[in-house]
Structures are given as C-alpha cells and as structure tokens.
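The values are calculated or read from the model by the stated rules, or taken from the named source; none is laboratory data. Bear in mind the structure is a predicted one, so any value in this text is a computation, not a measurement. Don't worry about glycine lacking a Cβ; one is built from the backbone with ideal geometry, like all the others, and counts go over all protein chains shown. Only protein heavy atoms, including side chains, enter the accessible area calculation; ligands, DNA and RNA are left aside. Shrake-Rupley method; radii C 1.70, N 1.55, O 1.52, S 1.80 Å.
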Amino acid sequence: MDSKTIVLERIRKKLSGTKMTNRYYVPGMFLLGVLVGGGCYLRYTQTGIQPPGWAVAISFALVLIAITLLATSFKTRNDSRLLELVETPSNVVWIYQHILRMNGVPQESMMVGDNTGKIYQLPVKRKNGEDPLMDALVEVFPGAVLGFSYELKKLYNRNPGQFREAVKQIK
C-alpha cells in the first residue's frame, strides 16, 4: 500500500467515526435521556411520589453526554479539510508526534499543521510496535517541517503561512 493510500484511509476512518457518532450515538443517548427523564416527570406529576435520584441523574447525564458528543463532532468536522490537504501537500507546513498520557497509558497522535493555522490530529494505531502512518505522512507531505519544540510552536502561532521560511532562517 502506498503512502498516500495509508494517509487517506486513516483520514476516512476518522471521519467515518464522526459520522457514526452523529447518526447513532447522539440521537440514541438523547432519546434515552429524554425517555428516562420524561418517565420520572410523569411519575412525579401523576402520583406525587418523587422519582429516585439515580433515575433523574441518569437522564441528565445521558442528555449531557449526547450534547457533548454533538459538540465534539462539530469540532472534528473540520477534519474533512485533511482530505483536501492530501491533494495539495504544499499547504501542510508542520508535522509532529504528540503523546498524551492518561492514567499512565500513552495515547499517540500525529499532528498535521496547515498554512492557515489549523492543526489536525490523526491517531496512531501501533501494531507490533510500528505504525505506517508516521512514515506515510513524511512521504505525502515532503515539504513539511518535522518535529516539535516550543520555539517551533511560537513560530507557527506567529505566522503559519511563513512558517517554513522562518524555520529556514533559524537554521
């Protein structure tokens, strides 16, 4: 499988996860939360007996989770621009690896920064210690600056369009 195919496949997989969340999980959790909350309300209005606190808490939690998932999906909807960036590799100016540790478990991502100041995240899936995404990104976006430092972050935040030239002037 060539590098461009690997990158496109990973982007499409990430975008399909967002579509599935919007199509199934958000409406399902919202509906379930409304049904549980509506049942609690009906019980209270018809009998005067207060519903158990856990049932009310679950209904609020389900509605809140649905709203949070929807908000997150709007945020990741911008990732569809990644498909356009694969066709115009000169617009990608920065690639670096990001590792976030949650409860001691590392979650790796490859971050891709474009010339407009947007940074996109692609999750790394390691099988047998290797992930072809890392090498594929370097091949698909050959002009991008590789690696992370706080100095590079400052340069990128200052002017993403002139990022490559600023890095060349420093070296």
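Name the residues in region 119-164 that are under 13 Å from residue 90 (Cα atoms) and either small (Gly, Ala, Ser) or in a helix (DSSP H, G or I) (or both), would you?
So the first thing to find is which residues in region 119-164 are under 13 Å from residue 90 (Cα atoms), and the list is 137-145, 160-164.
Selection gives 137, 138, 139, 140, 143, 144, 160, 161, 162, 163, 164.
Within region 97-153, the set of residues being among the small types (Gly, Ala, Ser) and on the phi > 0 side of the Ramachandran plot comprises 104, 117, 129, 147.
Looking at 147, 117 in this structure, which one is touching a strand residue (DSSP E or B) at 6+ places or on another chain (Cβ under 7 Å) and either hydrophobic (A, V, I, L, M, F, W, C) or modelled with pLDDT of 85 or more (or both)?
Numbers: 117 fails: touching a strand residue (DSSP E or B) at 6+ places or on another chain (Cβ under 7 Å).
After ruling out the rest, the residue left standing is 147.
Inclusion of residue 164 among residues that are in contact (Cβ under 8 Å) with a residue 24 or more places away in the chain, open to solvent by 20 Å² or more (accessible area, probe 1.4 Å) and among the charged types (D, E, K, R) is warranted.
Of the residues making up region 82-91, one or more are open to solvent by 90 Å² or more (accessible area, probe 1.4 Å) and at pLDDT below 90. Among the residues of region 42-63, those identified as without any contact (Cβ under 8 Å) to a residue 12 or more places away in the chain, open to solvent by less than 100 Å² (accessible area, probe 1.4 Å) and in a helix (DSSP H, G or I) are 42, 45, 47, 53, 57. With respect to the conditions (1) closer than 22 Å to residue 15 by Cβ; (2) within 16 Å of the chain's Cα centre (by Cα); (3) not aromatic (Phe, Trp, Tyr), residue 99 falls short on a single one, namely (1). Sub-7 Å Cβ pairs linking a first residue in region 134-149 that is under 16 Å from residue 98 (Cβ atoms) and open to solvent by less than 30 Å² (accessible area, probe 1.4 Å) to a second residue that is of a type in the set (D, E, K, R) and part of a helix (DSSP H, G or I), at least 6 apart or interchain, are 145/164, ordered by first then second residue.
For region 64-94, residues that are farther than 23 Å from residue 23 by Cα, assigned to a helix (DSSP H, G or I) and either without any contact (Cβ under 8 Å) to a residue 12 or more places away in the chain or out of contact with any helix residue (DSSP H, G or I) (no Cβ under 9 Å at 6 or more places or on another chain) (or both) total 3. When residue 105 is tested against (1) among the hydrophobic types (A, V, I, L, M, F, W, C); (2) touching an Asp or Glu at 6+ places or on another chain (Cβ under 7 Å); (3) open to solvent by 40 Å² or more (accessible area, probe 1.4 Å), only condition (2) is not met. If the condition is being among the β-branched types (Val, Ile, Thr) and in a strand (DSSP E or B), then region 103-118 contributes 105, 112.
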